[in-house]
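The structure appears right after this line, and notes come after that.
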There are 2 protein chains.
Amino acid sequence: VRIQSADARRNYALILAGASLEQIARTAGVGSATVRRHFPTRLALLETVSRKRIEELCGRAHELADTADSRVALLQWLSDVIASSVRSRGLAAALALEGPGSMDESTCSAALEDAGTPLLDRAIQDGVMASHVTIDDLITLMVGIVLATEHHPEPATEADRMFQLTVAGLSPQRCLDDADRATVSRE
Amino acid sequence: VRIQSADARRNYALILAGASLEQIARTAGVGSATVRRHFPTRLALLETVSRKRIEELCGRAHELADTADSRVALLQWLSDVIASSVRSRGLAAALALEGPGSMDESTCSAALEDAGTPLLDRAIQDGVMASHVTIDDLITLMVGIVLATEHHPEPATEADRMFQLTVAGLSPQRCLDDADRATVSRE
């Protein structure tokens with residue numbers, strides 16, 4: 001059983017809905033013995049899905065490092081983080097329920113932060129991001145957007161709307177010119 | 001037993017930590033019969049705390065309506081919403097656990113939205129807020145900030161930092177001049 005693109009979303013949904021390995025096997029069209037050989041426990045399956053999701057986002061960060069416009073690269077990656085989190089919402093909670101042996105949230109956050117840091121650094125160097133913003137700030141804001149929109153009828157659309165507002169600012173008082181930027185940096 | 005300012009925070013903390021009416025009475029320095037006369041059930045107590053919190057925020061909105069600077073008024077109110085939510089974090093979850101008879105979340109949201117709408121309308125009229133932003137957007141973003149920072153060692157400080165970033169924008173591309181504003185309004 002390979003958890004891959006076309007089936008991935010359906011599998012996520014099943015896993016998060018608390019489906020048994022047997023139900024997942026039936027949906028994937030394979031025998032439950034095959035599922036069980038690859039994923040001896042439900043926890044192993046959850047962890048694989050979670051690890052795969054983080055790996056994909058880290059891969060995206062590497063790809064985007066080559067984008068000429070550093071602002072576009074960073075914002076595209078943050079948008080990917082939101083889209084991925086919306087798709088797999090409930091995954092972290094499901095892992096937490098499986099008990100203390102499971103892959104913990106801070107491991108995931110650390111991997112994401114490492115992946116996003118070069119994109120943020122480049123955006124700050126290019127002056128399209130205030131220099132006091134940290135990667136931790138960005139991940140926290142993205143997590144907040146996902147959590148606040150998860151019960152919305154259209155979570156992906158709503159999360160994207162909240163993301164656009166956060167990027168533009170609710171009420172940016174005025175543009176920062178170079179002198180202002182220097183002031184902000186000194187804070 | 002009056003749930004008022006000086007004792008309110010300690011009481012919130014006790015209630016949310018799952019304290020019994022007896023423990024609350026002991027901490028408040030009154031007999032448990034007195035507590036029980038005012039709040040026959042733990043649910044009644046939770047609902048009173050929750051209602052009081054919403055009333056305070058509605059009162060704040062009315063006070064701030066007189067502030068000359070409409071941007072300051074709106075941002076101050078949003079900041080108050082965050083501070084109040086950080087203090088009473090867990091309250092909504094506690095109410096939800098008490099069962100389906102309890103005051104529901106959408107009632108609270110509706111009251112908050114009604115209170116904030118005049119502040120937002122004035123800010124949009126004054127051109128300090130983009131006209132496509134809704135009060136629902138603002139409340140959703142504030143909820144996200146509170147949820148994303150609730151496990152932080154210093155949730156109030158962290159939530160305020162996230163609020164400031166959201167107001168300023170992660171990367172506002174440029175200032176809106178009057179022509180741009182008109183374009184945004186037409187969207």
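Scanning the range B:41-57 for residues that are closer than 30 Å to residue B:168 by Cα and surrounded by 16 or more Cβ atoms within 10 Å (Cβ to Cβ) yields a total of 3.
Can you tell me how many residues in the range A:162-173 are touching a helix residue (DSSP H, G or I) at 6+ places or on another chain (Cβ under 7 Å) and more than 7 Å from chain B (Cβ to nearest Cβ)?
1
The rows are residues; the columns are (1) assigned to a helix (DSSP H, G or I); (2) modelled with pLDDT of 75 or more; (3) more than 12 Å from every other protein chain (Cβ to nearest Cβ).
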| position | (1), (2), (3) |
| --- | --- |
| A:83 | yes, yes, yes |
| A:99 | no, no, yes |
| A:118 | yes, yes, yes |
| A:128 | no, yes, no |
| A:133 | no, yes, no |
| A:147 | yes, yes, no |
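Filtered by the rule that a residue be closer than 24 Å to residue B:127 by Cα and of a type in the set (Ser, Thr, Tyr), the range B:74-88 gives a lone residue, B:79.
The values are calculated or read from the model by the stated rules, or taken from the named source; none is laboratory data. Only a predicted model underlies this, so the values are computations on that prediction, with no experimental measurement involved. All Cβ positions, glycine included, derive from the backbone under ideal geometry; neighbour counts span all protein chains shown.
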